[in-house]
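I have placed the structure first, in the form of structure tokens, so that the comments after it can refer back to it.
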Amino acid sequence: MTDTAMSLAVITPEFLAQAVIDSISVGSIYALFALGIALIFGIMGLMNFAHGELIMVGAYILVLGKDLPLVSLVAVCVVAVVLLALLLERVAFRPVRQATPATLLVTSFAVSFLLQNLIIQTFGSVPRITNLSTTLSEAFTIGSLSIPKLNVITVVLTIMLLTSLTLFLGRSSIGVQMRASAEDFLMARLLGVKANHVIATAFAVSGLLAAVAAVLIIGRTGSATPTMGLYPVLYAFIATILGGIGSLTGAVLGGYLLGGLTVALQVALPVELQPFRDALMFGIVFAVLVFRPQGLIEAKSMESRV
Amino acid sequence: MHRSIALRLMAVISVLALAACGANGASTPTTAEASPSTTAGTATNSPTSGDPIVIGLSKGITGWWVAFDGPGLLGAQIAADEINDAGGVGGRPIELEVCDAKSDVNQAAACGLELVEKGVDMMLTTCDYDFGGPAAREANKVNMVSIGCAGATNFGVQGIGPYHYNTYAGNPAEAATIVEYGYKELGFRKPYLLADLTIEYSKNLCELVEEHWNSVAGEGTIAGKDTFMNDDPSIAAQISKVKASDADSVIVCSFIPGGGSALRQIRGEGIDLPIFGTSSFDGDYWIEAVPGLSDFHYPAPLSQWGDPTDNPLIDKVIERNGAPPDVFTYLLHDYSAIYILKTAIEQANGATDGDSLKAVLDTWVNQDTPTGPTTYTPECHIPLDRPFGIVKITDGVREYLGDFKPESVPPSNC
């Protein structure tokens, strides 16, 4: 049997249902990555390469504190990563806020290298391992379908976070100020929006998203490495650009589309072509951008900037 | 405003400094004494006399390779200290000259060149074709013997040159062991292959497993194959395909951490088929990631002490550092490489030049080394016919089942 025939033969309704579940679960993780990046970009025009390192630091906290009860550990992780995000904003990004996008980008690279190398110096580059929770690595079985509990938690958590964030941005005063700043930062400041406050809040939220991403990744893989932030950030960028740079809804949409695309290509491609999975996926993203250079959902803030 | 300019300048300088660190490591050669992982020099307090024999080591002392090169360097130092304490090689002490290749392919070539220019007598490289090859090629250019350990079949005569030797049995032997042990001893009949495409080692290993499986069990008996990347946050789609197949076993060609993550996800999704891993799963530091792991086997690199789960070298590391090494295989291979050089120099009547050592090494047939019986020929510098130790994990506990030597090994470069 050829590989192509083999991959076609296994496509049954159960298999398709399983693939859809896999897509939603992978997409949820990508959406979380992308949202953290899009939030900061929308407000201060910073493509924060150090976002992956926030996830990585969160992962190390989960590994180092593995003797704590799960709920306390997750709480410690969230608090620590939010504080780190605030610290980075204050020490690294606030001083260069008025600088060109290139300077901001280089600063985020520098922060990213710094955090990576601090971790290597402190804990070495050997993967650090933990079993976050045995319960999390088990699966629900419905008929012939099996759904890992972690996938359900991933989807539920992502939906909860998205809903809270939407309510926060739409209903709270600081949320409205953040949206105003994302649309036109200068005008918002002229109207009395406190820039420091708004940007610090955005970093705190991105820290929260990074901490949740760290919990979900560690729950899945069980290992933390100094370079583990690279992959999430790469995918987050692509999801953000695909969805429409600067648009929060776009970032989430981009994340889910990318998740679906990854699973679809992994399932559909014959094994000989699988090494080119990512190349093909990025090719499809490029093709979309040729027809919609502004991404799927155009951010209002980008209209004036371009 | 001035403060803002100063801060911007500092940011630029920090970035430039970081970039410079990455680009220029060769200018700061490190000696064994300077390495953070050492506790003692190698040529001091030893009952030796005469000119030292200088062995250059091109190793990733900083960057991500330190996870593997760090233990490797330590293994080389333990071996050098043992030899020096016992009177050296023909009375001459062994001295190690370390160059930090910074886990960077380009830097490895620079380190190779620097060590050659410093006049080292022979060289040990990073245990990987991609990261160790560039330094080994520099040694080869001046007919200097270099030793490395890597699974890739190009890490030998054809891929590097006639003066490069490998202490590891290589991917063909490992693949043959996985296939023949799985087929004959564990009764695998329809395995599913999961290949990690991140590095040449794991990718090439699964290709060789497939090739050897087809010759042992017959074409068309592989239930399916799929690929993943070591840092994929989820391999849900691949696992769904395994579930939908009629596989009776899974062979995971990968390495830690992604390999461990793959096992966690496979078991987490309720697949309890027997799984065969690779020699990269050696050691127990990763097992916690897969709670209650059972029915998992892997081929462990052989050593002179037999049982790969209980090795006296580990006690020596605990004696020095207070803690066991995280990754043991690399420690053992560089420890062995120093002893291989010692034996070769003694057999060459004290000569240290590449041609004399090569003349001796090329005639080795089942020569005893710390990494097991070693055979080299002028055409093959990878000890392909060495057995592997088979380790089984039940409920998270490793058990050594004995050595296993495959009947045949797929032909390849060596």
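The values are calculated or read from the model by the stated rules, or taken from the named source; none is laboratory data. Only a predicted model underlies this, so the values are computations on that prediction, with no experimental measurement involved. Don't worry about glycine lacking a Cβ; one is built from the backbone with ideal geometry, like all the others, and counts go over all protein chains shown.
Return a yes/no flag: does the range A:215-223 have any residue that is more than 14 Å from every other protein chain (Cβ to nearest Cβ), of a type in the set (A, V, I, L, M, F, W, C) and either within 30 Å of A:Val91 (Cα to Cα) or free of Cβ contacts under 8 Å to residues at least 24 places away in the same chain (or both). Checked the range A:215-223: no residue is more than 14 Å from every other protein chain (Cβ to nearest Cβ), of a type in the set (A, V, I, L, M, F, W, C) and either within 30 Å of A:Val91 (Cα to Cα) or free of Cβ contacts under 8 Å to residues at least 24 places away in the same chain (or both).
Within the set B:Leu57, B:Leu96, the sole residue that is within 19 Å of the chain's Cα centre (by Cα) and outside any helix (DSSP H, G or I) turns out to be B:Leu57.
Condition check: within 12 Å of chain A (Cβ to nearest Cβ), under 30 Å from B:Ala223 (Cα atoms), of a type in the set (Val, Ile, Thr) and surrounded by 20 or more Cβ atoms within 10 Å (Cβ to Cβ). Does B:Ile275 satisfy that? No, not satisfied.
With respect to the conditions (1) crowded, with 23+ Cβ neighbours inside 10 Å; (2) part of a loop (DSSP other than H, G, I, E, B), B:Val252 lacks only one, and its number is (2). So in the range A:122-165, with the set limited to residues that are surrounded by 14 or more Cβ atoms within 10 Å (Cβ to Cβ) and hydroxyl-bearing (Ser, Thr, Tyr), which one is modelled with the lowest pLDDT? Taking the candidates together, the pick is A:Ser137.
Which of the residues spanning the range B:342-388 are assigned to a helix (DSSP H, G or I), free of Cβ contacts under 8 Å to residues at least 24 places away in the same chain and hydroxyl-bearing (Ser, Thr, Tyr)? The answer is B:Ser356, and nothing else. B:Ile314 meets each of the listed conditions (1) among the β-branched types (Val, Ile, Thr); (2) outside any helix (DSSP H, G or I); (3) away from chain A (no Cβ under 14 Å) apart from (2).
Every test in (1) part of a loop (DSSP other than H, G, I, E, B); (2) more than 13 Å from every other protein chain (Cβ to nearest Cβ) is passed by A:Asn131 save one, and that test is (2).
Mind checking whether some residue in the range B:184-199 is closer than 30 Å to B:Gly132 by Cα, away from chain A (no Cβ under 11 Å), part of a helix (DSSP H, G or I) and acidic (Asp, Glu)? Taking every residue of the range B:184-199 in turn, none turns out to be closer than 30 Å to B:Gly132 by Cα, away from chain A (no Cβ under 11 Å), part of a helix (DSSP H, G or I) and acidic (Asp, Glu). Examine the range B:357-368 for a residue that is touching a strand residue (DSSP E or B) at 6+ places or on another chain (Cβ under 9 Å), surrounded by 22 or more Cβ atoms within 10 Å (Cβ to Cβ) and among the polar types (S, T, N, Q), and state whether such a residue exists. No, that holds for no residue. Does A:Val267 satisfy being within 14 Å of another protein chain (Cβ to nearest Cβ) and either within 20 Å of the chain's Cα centre (by Cα) or assigned to a helix (DSSP H, G or I) (or both)? Yes, satisfied. Checking each residue in the range A:175-210 for being in contact (Cβ under 8 Å) with a residue 12 or more places away in the chain and small (Gly, Ala, Ser) picks out A:Ala180, A:Ser181, A:Ala182, A:Ala195, A:Ala200, A:Ala202, A:Ala204, A:Ser206, A:Gly207, A:Ala210. One residue stands out among those in the range B:31-61 that are at pLDDT 90 or above and within 14 Å of chain A (Cβ to nearest Cβ): the one that is farthest from B:His333 (Cα to Cα), which is B:Gly60. Condition check for B:Tyr192 on (1) at pLDDT 95 or above; (2) farther than 23 Å from B:Ala244 by Cβ; (3) in contact with a helix residue (DSSP H, G or I) (Cβ under 9 Å, 6 or more places away or on another chain): one failure, at (2). Out of all the residues in the range A:239-246, is one or more crowded, with 18+ Cβ neighbours inside 10 Å, under 30 Å from A:Asn131 (Cα atoms), of a type outside the set (Asp, Glu) and within 16 Å of the chain's Cα centre (by Cα)? Checked the range A:239-246: at least one residue is crowded, with 18+ Cβ neighbours inside 10 Å, under 30 Å from A:Asn131 (Cα atoms), of a type outside the set (Asp, Glu) and within 16 Å of the chain's Cα centre (by Cα).
Filtering A:Phe33, A:Phe109 for residues that are surrounded by fewer than 23 Cβ atoms within 10 Å (Cβ to Cβ) and either part of a helix (DSSP H, G or I) or at the interface with another protein chain (Cβ under 9 Å from one of its Cβ atoms) (or both) leaves a single hit, A:Phe109.
Within the range B:227-238, is even one residue more than 8 Å from chain A (Cβ to nearest Cβ) and in a helix (DSSP H, G or I)? No - not one qualifying residue is present in the range B:227-238.
Among the residues of the range B:273-292, at least one is among the aliphatic types (A, V, I, L, M) and in a strand (DSSP E or B). Counting the residues of the range A:49-76 that are in contact with a helix residue (DSSP H, G or I) (Cβ under 9 Å, 6 or more places away or on another chain) and outside any loop (DSSP other than H, G, I, E, B) gives 18.
Criterion applied to B:Tyr298, B:Tyr335, B:Tyr339 was being touching a helix residue (DSSP H, G or I) at 6+ places or on another chain (Cβ under 8 Å), touching a residue at least 24 places away in the same chain (Cβ under 8 Å) and within 30 Å of B:Gln265 (Cβ to Cβ), and the one residue passing it is B:Tyr298.
Across the range B:62-83, the number of residues qualifying as more than 13 Å from chain A (Cβ to nearest Cβ) and closer than 15 Å to B:Val105 by Cα comes to 0.
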